[in-house]
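Novice: Right, I'll just put the structure down here and ask away after.
The values are calculated or read from the model by the stated rules, or taken from the named source; none is laboratory data. Bear in mind the structure is a predicted one, so any value in this text is a computation, not a measurement. When we count neighbours, we look across all protein chains shown, and the Cβ atoms used for this are built from the backbone with ideal geometry, even at glycine. In case anyone asks, the SASA skips ligands and DNA or RNA and just uses the protein heavy atoms, side chains included. Shrake-Rupley method; radii C 1.70, N 1.55, O 1.52, S 1.80 Å.
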Amino acid sequence: MSGRGNLLSLFTNKTDASVFSSSSGEHAKDSGLDVDQSISSGDYFRLAREEIANEVSVTFKNVNVSFGRGRAQLLENFQTDEQQLGMEIPKDVPKAYFRNQLDFSQNSKDKDQIEKANLYYPDLVHGCKGSVINLACNYVELKSDPRKGVFLYEVRFFPTVDSIQLRVKYLNEHKEKIGGTKTFDGTTLYLPILLKEKMTRFVCKTANNSDIEIKILFKKKESLKNCSQLYNILFDRVMKTLNYVRFDRKQYDPSRPKIIPLGKLEVWPGYVIAVEEYEGGLMLCCDVSHRLLCQRTVLDMLIEIYQHNKNLYQEVAKKSLIGSIVITRYNNRTYRIDDISFDQNPLSTFDTRNGSISYLEYYQKHHYINIKDNKQPLLLSVKKTRGNDSLQTDDIRFCLIPELCYLTGLSDEIRADQKLMRDIVTFTRVSPNQRMLALNKFYENVSESEDARKILENWGLSLFKKYNNLIGRQMDQEKIYFASKSVSAGKNSNFSRDAMNNEMLQIVHLRSWIIIHFRNDLKVVKSLLDNMERCCKSFGMSMIKPKIFSLDQDRLDAYVDTLRKNIGMDTQIVVCICSNSRDDRYSAIKKICCSEIPVPSQELTHCTLSGLTEVDVAWISERE
């Protein structure tokens, strides 16, 4: 027996004899609701919590286990419980580690209370390898006003009001009484202040001059750990007041772009921020990020594609643009291109509250933009509603003008240009000192903005210029073991050259594997196989030629059908070579190879296999 069964078997005989007894051989079930049960010889007998703990502690004193984690850690703490309660702080350990610990050696009452409550305080484990080093981290401390907080209220309307907009409107009529700062979703109300009464009542007038009663019931004051989502929303508002543009969860400054003339590109600096509660209190994590934007419009790219591929213009355009992220500079919003409508153009109309209007007239009227090309197709972007995984009529559809859209991120053409990639790296690769300077800049931007400070102060928050320093350990250089030799990993842990020229410690020979590719990538497939044969010799690895499946169409369903039909029980790995990178295709391939037919899989792109990634493209993509 192993695991918890082995743990319980150490004292099961004694427990069976003293705790349970039944004349019928079956254990009686206790619902836990009847607390006045009798303690007779034929009934369920409960031992006091202290007696059980004492018996378990005595039983475990003779058990020898190695110090580790999980169950072994639990047994070790049973054996050394008295030592833990009276432990002393080592001289070389900072006192911050014991900020939340109680000094049981000086207060015997606390010790007794903790023992009775069966509280468990784990040991603090410190490493011994390497050398001690001081580290700086990118966390800014957030001070919270003790007079304020996040107070949760429930709001009800009598008679019931179904419209959330009307609920917000009626509540806003009394914003001076509840304070101008609030977060309200129609039922739940968050305020930074505590109202005088536990139940607050207001009366509003409707359009029909009838009365609506509002009851605001105080529920509780939220703890800091439950307020992280609200605080993150507040910092989104702070960044918006600083005129930052949001891409996913990252914020970028469009006012300080770094221009790369060679590729007509610009790099926007920005931040990734998140608020969480840690041992030191409420902290704001702030890291540096960059976003790459193309100075050419999508219309310029479509014209270039048409000039080079007149016969396959629509197919090549969809292949190049679908899945890309674009930004419209007139409102600094981002959209994902889901399709291209070649049947529509800026002269096409759409319905509004005031009737039909063309896209050309709409942009002239609302954005004061004159569209020059009236024959360009429209880009379609679909925003799915929550809980809706399929395309339905409830989804929000955006029709975008290519002339007003700019691509973001790294395209295959950019990745293929080594010189351009080196120029990009000079802006995106940031040293630790530059990160600290960026952190100081963020603190100054928020502190010097009155609107940003006011947003935080309304909720009792303020940034405190104290960057937390940590004590870490710098590890010694490790040894890398191969089949016939061992080498040092080096100061930078770069042992790629040794890995390419030495036989591996454990070898898995490739006997049965599959390659799936688009028909235009046949040359790349042959190059991959030649390189693998050359490398396998130095690895001491044998490789049999794979089953190769060439697809006539570079479509998602073609990859899915080929995978389902050809993966067998003896298949060791599946390699899919795609012409470009698309999230939907990658997810479909991984779903089949991880869930439906479990088998190791690897998706590669044409650009990666062409040997054009000497620059650390993966690192740049991660920083975006």
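Novice: Mind checking which residues of the range 500-519 are under 20 Å from residue 548 (Cα atoms) and in contact (Cβ under 8 Å) with a residue 60 or more places away in the chain?
Specialist: 510, 511, 512, 513, 514, 515, 516, 517, 518
Novice: Would you pick out the residues in the range 399-439 that are in a helix (DSSP H, G or I), open to solvent by less than 50 Å² (accessible area, probe 1.4 Å) and touching a Phe, Trp or Tyr at 6+ places or on another chain (Cβ under 9 Å)?
Specialist: Listed by number, the residues that qualify are 404, 425, 428, 438, 439.
Novice: I've got another one for you. Scan 183, 206, 188 and give me the residue that is modelled with pLDDT of 90 or more and among the hydroxyl-bearing types (Ser, Thr, Tyr).
Specialist: Being modelled with pLDDT of 90 or more and among the hydroxyl-bearing types (Ser, Thr, Tyr) holds for just one of 183, 206, 188, which is 188.
Novice: Same structure again: Out of 378, 347, I need the residue that is open to solvent by 60 Å² or more (accessible area, probe 1.4 Å) and touching a Leu at 6+ places or on another chain (Cβ under 7 Å). Which one? Steps first, please.
Specialist: Numbers: 378 fails: open to solvent by 60 Å² or more (accessible area, probe 1.4 Å).
Checking each option against the conditions leaves just 347.
Novice: Could you tell me whether any residue of the range 175-194 is part of a helix (DSSP H, G or I), touching a residue at least 24 places away in the same chain (Cβ under 8 Å) and open to solvent by 20 Å² or more (accessible area, probe 1.4 Å)?
Specialist: Looking only at the range 175-194, we keep the residues that are part of a helix (DSSP H, G or I), and these are 175-178.
Adding the requirement that they be touching a residue at least 24 places away in the same chain (Cβ under 8 Å) leaves 177-178.
If we keep only those that are open to solvent by 20 Å² or more (accessible area, probe 1.4 Å) too, we end up with 177.
Yes; the residues of the range 175-194 include at least one that is part of a helix (DSSP H, G or I), touching a residue at least 24 places away in the same chain (Cβ under 8 Å) and open to solvent by 20 Å² or more (accessible area, probe 1.4 Å).
Novice: Quick one: which of 501, 469 is at pLDDT below 90 and more than 26 Å from the chain's Cα centre (by Cα)?
Specialist: Selected residue: 501, the only one of 501, 469 that is at pLDDT below 90 and more than 26 Å from the chain's Cα centre (by Cα).
Novice: State whether the residues of the range 533-556 include one that is within 29 Å of residue 318 (Cα to Cα), hydroxyl-bearing (Ser, Thr, Tyr) and surrounded by 19 or more Cβ atoms within 10 Å (Cβ to Cβ).
Specialist: no
Novice: Additional query: Restricting attention to the range 238-265, and to residues there that are under 20 Å from the mean Cα position of the chain (by Cα) and loosely packed, with under 15 Cβ neighbours inside 10 Å, which single residue is nearest to residue 462 (Cα to Cα)? Let's see the steps before the verdict.
Specialist: Residues of the range 238-265 that are under 20 Å from the mean Cα position of the chain (by Cα), as a first pass: 239, 245-252.
Retained after the next criterion (residues that are loosely packed, with under 15 Cβ neighbours inside 10 Å): 248-249.
Numbers: 248: 25, 249: 22 Å.
Taking the candidates together, the pick is 249.
Novice: Can you find even one residue in the range 487-498 that is β-branched (Val, Ile, Thr), surrounded by fewer than 17 Cβ atoms within 10 Å (Cβ to Cβ) and over 30 Å from residue 573 (Cβ atoms)?
Specialist: There is no residue in the range 487-498 that is β-branched (Val, Ile, Thr), surrounded by fewer than 17 Cβ atoms within 10 Å (Cβ to Cβ) and over 30 Å from residue 573 (Cβ atoms).
Novice: Can you work out which of the residues in the range 127-152 that are charged (D, E, K, R) and outside any loop (DSSP other than H, G, I, E, B) is least open to solvent (accessible area, probe 1.4 Å)? Walk me through how you get there before you give the answer.
Specialist: As a first pass, look at the range 127-152 and keep what is charged (D, E, K, R): 129, 141, 143, 145, 147-148.
With the extra rule that they be outside any loop (DSSP other than H, G, I, E, B), the set shrinks to 141, 143.
Numbers: 141: 25, 143: 86 Å².
Per the stated criteria, the residue is 141.
Novice: Right, something else. In the range 325-338, how many are at pLDDT 90 or above and assigned to a loop (DSSP other than H, G, I, E, B)?
Specialist: Within the range 325-338, residues that are at pLDDT 90 or above and assigned to a loop (DSSP other than H, G, I, E, B) number 2.
Novice: Anything in the range 376-389 that is at pLDDT 90 or above and not in a strand (DSSP E or B)? List them, or say none.
Specialist: Within the range 376-389, 376, 377 meet the criteria.
Novice: Considering the range 313-337 alone, what residues qualify as being open to solvent by 50 Å² or more (accessible area, probe 1.4 Å) and under 18 Å from residue 376 (Cα atoms)?
Specialist: 314, 315, 318, 319, 320
Novice: Looking only at residues that are in contact with a Leu (Cβ under 9 Å, 6 or more places away or on another chain) and in a strand (DSSP E or B) in the range 195-211, which one is least open to solvent (accessible area, probe 1.4 Å)?
Specialist: Looking at residues that are in contact with a Leu (Cβ under 9 Å, 6 or more places away or on another chain) and in a strand (DSSP E or B), I get 204.
Novice: Still on this structure, I have one more. Could you tell me which numbered condition residue 601 fails, if it satisfies all but one of (1) open to solvent by less than 70 Å² (accessible area, probe 1.4 Å); (2) closer than 25 Å to residue 317 by Cβ; (3) among the small types (Gly, Ala, Ser)?
Specialist: (2)
Novice: Something else now. Hey, can you tell me all the residues within the range 440-452 that are within 19 Å of residue 291 (Cβ to Cβ) and open to solvent by 50 Å² or more (accessible area, probe 1.4 Å)?
Specialist: 441
Novice: Mind checking which pairs have a first residue in the range 558-583 that is in contact (Cβ under 8 Å) with a residue 12 or more places away in the chain and surrounded by 17 or more Cβ atoms within 10 Å (Cβ to Cβ) and a second that is in a loop (DSSP other than H, G, I, E, B) and of a type in the set (A, V, I, L, M), Cβ under 8 Å, 6 or more apart or different chains?
Specialist: Here the result reads 563/597; 567/597; 567/599; 571/599; 574/567; 574/599; 582/322, each pair linking the range 558-583 to a residue that is in a loop (DSSP other than H, G, I, E, B) and of a type in the set (A, V, I, L, M).
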